[in-house]
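Q: Quick one: this structure, given as structure tokens, is what I'll be asking you about.
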Amino acid sequence: MRKIDSIEALEALYGTAAGASIDKVVRRMTPLYRKWIEGSKLCVLSTVGPAGTDASPRGDDGPVVLEIDPGTLAMPDWRGNNRLDSLRNVVEDGRVSLMFFVPGSNNVVRVNGTGWLTDDAEMRGRFAKDGKRPATVLIIEIAEIYTQCARALVRAGTWRAGDESAGLPTIGQFLAEATQGATDGEAYDREWPERAAKSLW
């Protein structure tokens, strides 16, 4: 199998980027990009660090990020499993990418930039919910914002396919497999809804 190991070889296979794919890129928030991002409750945060790469879903019950100014976004880090893969990468490298989704739309909006973490009390307080605040807030300094064409989500039938999860493994089953049965997967799955209800924020 031939390995493509040069940019020249890669570009020879695909040709020149279409004008619109370049023209859509902006360096700061605009009214339309702001409207889209404020409508997104779900994004994927991608980071890179000395130990490798990481991509993590981030969601909220309202906008998943807050605009601090046209060049800066803030994302709360709500309670999770404390692996901190993404956050470790941000501390050590800082390069971040965000991909914002809105249910029903096959378009996505992407943000690339540099991130850093803060535990500033006032900033954390801006995200307070039910008396709880995030442990940290990720500050993203925007380098570029652009839309992603709809082809991938259209091909996948993302929003029209309905629930296709029947028969897929559960988290408990994954844990039981990874620990060779040391973890009781059925108990994990049974107890999960109650745990989740107590620790969303």
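Q: With the condition being hydrophobic (A, V, I, L, M, F, W, C), out of contact with any Asp or Glu (no Cβ under 9 Å at 6 or more places or on another chain) and under 20 Å from Trp201 (Cα atoms), I'd like the strands (runs of 3 or more DSSP E) fully within segment 1-78 carrying at least 3 qualifying residues.
A: Once the strands (runs of 3 or more DSSP E) in segment 1-78 are filtered for at least 3 residues that are hydrophobic (A, V, I, L, M, F, W, C), out of contact with any Asp or Glu (no Cβ under 9 Å at 6 or more places or on another chain) and under 20 Å from Trp201 (Cα atoms), nothing remains.
Q: Can you list residue pairs whose Cβ atoms sit under 9 Å apart, with the first residue in segment 90-105 being closer than 15 Å to Ala74 by Cα and the second being among the basic types (Lys, Arg) and open to solvent by 60 Å² or more (accessible area, probe 1.4 Å)? Count only pairs 6 or more apart in sequence or on different chains.
A: As it stands, the answer is Ser97/Arg110; Leu98/Arg110; Met99/Arg110; Phe100/Arg110, since those pairs meet every condition given.
Q: If you scan segment 70-83, which residues turn out to be more than 22 Å from Pro31 (Cβ to Cβ) and at pLDDT 95 or above?
A: Result: Pro76, Asp77.
Q: Out of segment 28-72, which residues are within 17 Å of Ile145 (Cα to Cα) and of a type in the set (A, V, I, L, M)?
A: Met29, Leu32, Ile37, Leu42, Val44, Leu45, Val64, Val65, Leu66, Ile68
Q: So if I check each of Arg95, Arg58, Arg88, which one is farther than 24 Å from Arg28 by Cβ and of a type in the set (Lys, Arg)?
A: Arg88
Q: Provide a single number: the residues in segment 43-86 that are on the phi < 0 side of the Ramachandran plot, open to solvent by less than 40 Å² (accessible area, probe 1.4 Å) and more than 14 Å from the chain's Cα centre (by Cα).
A: 4
Q: I'd like the full set of residues that are open to solvent by 70 Å² or more (accessible area, probe 1.4 Å) and without any contact (Cβ under 8 Å) to a residue 60 or more places away in the chain, limited to segment 21-37.
A: Ile22, Asp23, Pro31, Leu32, Lys35
Q: Condition test on Arg133, is it closer than 18 Å to Glu67 by Cβ and of a type outside the set (A, V, I, L, M, F, W, C)?
A: Judged against the criteria, Arg133 is not a match.
The values are calculated or read from the model by the stated rules, or taken from the named source; none is laboratory data. This is a predicted model, so every value here is computed, not measured. A quick note on method: Cβ atoms are made from the backbone with ideal geometry, for glycine too, and the neighbour counts reach across all protein chains shown. The accessibility values were calculated without ligands, DNA or RNA, using every heavy atom of the protein model including side chains. Shrake-Rupley method; radii C 1.70, N 1.55, O 1.52, S 1.80 Å.
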